[in-house]
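Worksheet: the structure to be examined is printed underneath.
The values are calculated or read from the model by the stated rules, or taken from the named source; none is laboratory data. For clarity, every value in this text was computed on a predicted model and none was experimentally measured. Every residue, glycine as well, gets a Cβ built from its backbone with ideal geometry; the counts of neighbours run over all protein chains shown. Areas reflect the complete protein model, heavy atoms only, side chains present, ligands, DNA and RNA absent. Shrake-Rupley method; radii C 1.70, N 1.55, O 1.52, S 1.80 Å.
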Amino acid sequence: MKKTEYLPVLVERDGKFLVAGKTERKTAHSVPPVCHATAIIVPVFPDGRLLMEDRAERHRREGRFVPEDGHVFNCFGGHMQYADIPEEEHRTGVSMETFRKCAYRELSEELVRVTADGRRETFSPVMDRLVPVGLYSMKGEANWEYSWLFLYRLEDFGPYGSQDTVMTEHGEENVVQSACVMTWEALLEQFTNREKLDTVSFSDGIARVLLRNSGEELHCAINCIFSGNLNIAFQNCI
């Protein structure tokens, strides 16, 4: 039997996110939603191209319609766990470093290496290669969350794939997914024209990033990395 998964219930106060309790994951996306935390990650290749997770198969397994040749692009990432927040941060506010640890865990779970013979192997991230970009919020009818966005500087060109889990009538199941390599320009063009494209859609993780200032924070962070300015305060790009 799967262990119950608890997420922190967040309360924003003076720009900080205090922990007001915990809730089961299945109730976090209720109506009205419960405010919680996530980390989202965009892996970046040594030449500056981006790696997007394609969640088309996961959406199909959840019973949502996706065309046979369709793509559902998103960042990597997922929910912060209640147990992963240090007790002192319940009162002082969840730190960016705790968000980074969440990003590390999620990336190690979702990103995989694909060998020449098609085998999928575990990917082990390096914490220092997770570069913070900025904080994003999303509040909808059934989802209310705050997310730190990170870039992950990949050391090589892979190839890579992705994996995830999905809840079905038979319980939690693993989902094998693909990942798509694209330039910043191609990502932004497809997102801008998404309503005209029959086979391309975007999940809310990457969508909230690209909707704010046309994704300029992400674009700025990518440029900073590849200009060698790793010590730049990325908040200044926001």
For the chain, which longest stretch is free of loop sites, where a loop site is one of the chymotrypsin sites (Phe, Trp or Tyr not before Pro) that DSSP puts outside H, G, I, E and B and that has at most 16 other Cβ atoms within 10 Å? 66-156
Contact order relative to length of the range 82-199, as percent, for alpha carbon pairs under 8 angstrom and 6 or more apart: 19 percent
Per the helix-only model, the chain has a calculated mean residue ellipticity at 222 nm (DSSP H runs of ≥4, -39500 (n - 2.57) each, divided over all residues, rounded to the nearest 500) of -7000 deg cm²/dmol
With the Cα gyration tensor of the range 43-179 giving a ≥ b ≥ c as the square roots of its eigenvalues, does the rule (a/c under 1.5 for rounded; else a/b larger than b/c for prolate; else oblate) give rounded, prolate or oblate? oblate
The chain accessible area per residue, 1.4 Å probe, protein heavy atoms, integer Å², reads 52 Å²
What number of lysine-lysine pairs in the chain show an alpha-carbon separation below 26 angstrom, given a sequence spacing of 8 or more or placement on distinct chains? 15
Using the beta-carbon distance between Ser178 and Arg153 and R0 = 35 Å, what value does 1/(1 + (r/R0)^6) give for FRET efficiency, to the nearest 0.05? 0.95
Share of carbon and sulfur in the accessible heavy-atom surface of the chain [1.4 Å probe, %]: 49 percent
Cα gyration tensor shape for the range 115-230, rounded if a/c is under 1.5, else prolate or oblate: rounded
Toward the positive end of the charge dipole of the chain, about the Cα centre and with charges on Cβ (Lys, Arg +1; Asp, Glu -1), which of Phe45, Phe76, Val34 goes farthest? Val34
With a 10 Å cut-off between alpha carbons and a GNM built on the chain, which of Lys196, Lys101, Lys22 moves the most? Lys196
Any idea how far apart Met167 and Glu12 come out in nm if each label point goes 7 Å out from Cα toward Cβ? 2.6 nm
